[in-house]
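Let me begin by presenting the structure, written as structure tokens, before commenting on it.
The values are calculated or read from the model by the stated rules, or taken from the named source; none is laboratory data. Remember, predicted model here, so these are calculated numbers, not experimental data. Here the Cβ is made from the backbone with ideal geometry for all residues, glycine too, and neighbour counts use every protein chain on show.
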Amino acid sequence: EDQVTQSPEALRLQEGESSSLNCSYTVSGLRGLFWYRQDPGKGPEFLFTLYSAGEEKEKERLKATLTKKESFLHITAPKPEDSATYLCAVPPYGGSQGNLIFGKGTKLSVKP
Amino acid sequence: KAGVTQTPRYLIKTRGQQVTLSCSPISGHRSVSWYQQTPGQGLQFLFEYFSETQRNKGNFPGRFSGRQFSNSRSEMNVSTLELGDSALYLCASSPGQGTVQETQYFGPGTRLLVL
């Protein structure tokens, strides 16, 4: 069964304390892995798409990497405004364009 | 470009009633997907519409249905509401015709509370 597991469920950091979030997936024929950020009461906001193992993408303090079994979201010197829930998602095997399987997310809190 | 819009943003209903939610995709996007988000189950795929046809469906009962209009706007309907239907309902759109997996862009969601 295709599935996505994210860890940890929650992460508390001090401002400036770098860390990584993990997204493990089991799906045949990965066609892309997506990272989103979600603030309370809002819809997910797109961050990155990774298509193949070894690929990396960066945006401000965030860097996403992809291997054959997992993806990491590295947060360098986070700020309080980085506090949010980070979600990763993959399309299931044989799924259509508009179908994604989401992990439960990592809730990140960054304290000043 | 304007983003995905959803109406209404908040809704309170009682058990047994039905509800209709609306979604307007990003201009030019022809694929619209609906997801249900709850604290316990997270984000779960409901269905996807492309060119007025349901292209894919998640594992939800038949009480959940949807449709898409010729302008790509979409509605979802939930009949005979149950307490467990309380959730954030999210709509996402993408161009829908790519050969690689496309990015979906989400709307702000409709918060449904069933009493």
Next item on the list: At least 2 residues that are over 22 Å from A:THR49 (Cα atoms) and away from chain A (no Cβ under 14 Å) in each: list the strands (runs of 3 or more DSSP E) lying fully within segment B:1-95 that qualify.
Entry: B:10-13, B:19-24, B:64-68, B:74-78
Margin query: Within segment A:79-99, take every residue that is part of a loop (DSSP other than H, G, I, E, B) and under 14 Å from A:LEU11 (Cα atoms) and give me the one that is farthest from the chain's Cα centre (by Cα).
Written below: A:LYS79
Notebook entry, point to check: Taking A:LEU108 and the conditions (1) more than 14 Å from chain B (Cβ to nearest Cβ); (2) in a loop (DSSP other than H, G, I, E, B); (3) not polar (S, T, N, Q), which numbered condition does it fall short on, given that it satisfies the others?
Noted result: (2)
Item checked: Pairs where the first residue, in segment B:62-82, is under 10 Å from B:SER22 (Cβ atoms) and the second is crowded, with 17+ Cβ neighbours inside 10 Å, C-beta under 6 Å, 6+ apart -> B:ARG73/B:SER24; B:SER74/B:CYS23; B:SER74/B:VAL32; B:SER74/B:TYR49; B:SER74/B:GLN68; B:MET76/B:LEU21; B:MET76/B:TRP34; B:MET76/B:GLY66
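Quick grid of which residues meet (1) modelled with pLDDT of 95 or more; (2) assigned to a loop (DSSP other than H, G, I, E, B):
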residue	(1), (2)
A:LEU11	yes, no
A:SER20	yes, no
A:SER24	yes, no
A:GLY29	no, yes
A:GLU58	yes, no
A:ALA64	yes, no
A:SER71	yes, no
A:ALA77	yes, yes
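Considering only residues that are out of contact with any Cys (no Cβ under 8 Å at 6 or more places or on another chain) and either surrounded by 17 or more Cβ atoms within 10 Å (Cβ to Cβ) or closer than 20 Å to A:PRO91 by Cβ (or both), which ones fall in segment A:26-42?
Kept after step one, since they are out of contact with any Cys (no Cβ under 8 Å at 6 or more places or on another chain), are these residues of segment A:26-42: A:26-32, A:37-42.
Within segment A:26-42, A:THR26, A:VAL27, A:SER28, A:GLY29, A:LEU30, A:ARG31, A:GLY32, A:ARG37, A:GLN38 qualify.
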Next item on the list: Given the conditions (1) within 13 Å of another protein chain (Cβ to nearest Cβ); (2) surrounded by 15 or more Cβ atoms within 10 Å (Cβ to Cβ); (3) modelled with pLDDT of 95 or more, report the number of the one that A:VAL90 does not fulfil.
Entry: (3)
Notebook entry, point to check: For B:ARG63, all conditions in the list (1) more than 18 Å from A:CYS88 (Cα to Cα); (2) crowded, with 17+ Cβ neighbours inside 10 Å; (3) not polar (S, T, N, Q) hold save one; what is the number of the exception?
Noted result: (2)
Next item on the list: Tell me, yes or no, whether segment B:15-30 has at least one residue that is surrounded by 12 or more Cβ atoms within 10 Å (Cβ to Cβ), in contact (Cβ under 8 Å) with a residue 60 or more places away in the chain, in contact with a Phe, Trp or Tyr (Cβ under 9 Å, 6 or more places away or on another chain) and basic (Lys, Arg).
Entry: yes
Next item on the list: Would you point out which residue out of A:SER19, A:SER71, A:SER52 is without any contact (Cβ under 8 Å) to a residue 60 or more places away in the chain, small (Gly, Ala, Ser) and in contact with a Cys (Cβ under 7 Å, 6 or more places away or on another chain)?
Entry: A:SER71
Note to self: Can you pull out every residue in segment A:1-20 that is loosely packed, with under 12 Cβ neighbours inside 10 Å, within 12 Å of A:LYS79 (Cβ to Cβ) and in contact with a strand residue (DSSP E or B) (Cβ under 7 Å, 6 or more places away or on another chain)?
What the structure shows: A:GLN14, A:SER18
Next item on the list: Would you be able to tell me the number of residues in segment A:56-68 that are more than 14 Å from the chain's Cα centre (by Cα) and among the acidic types (Asp, Glu)?
Entry: 1
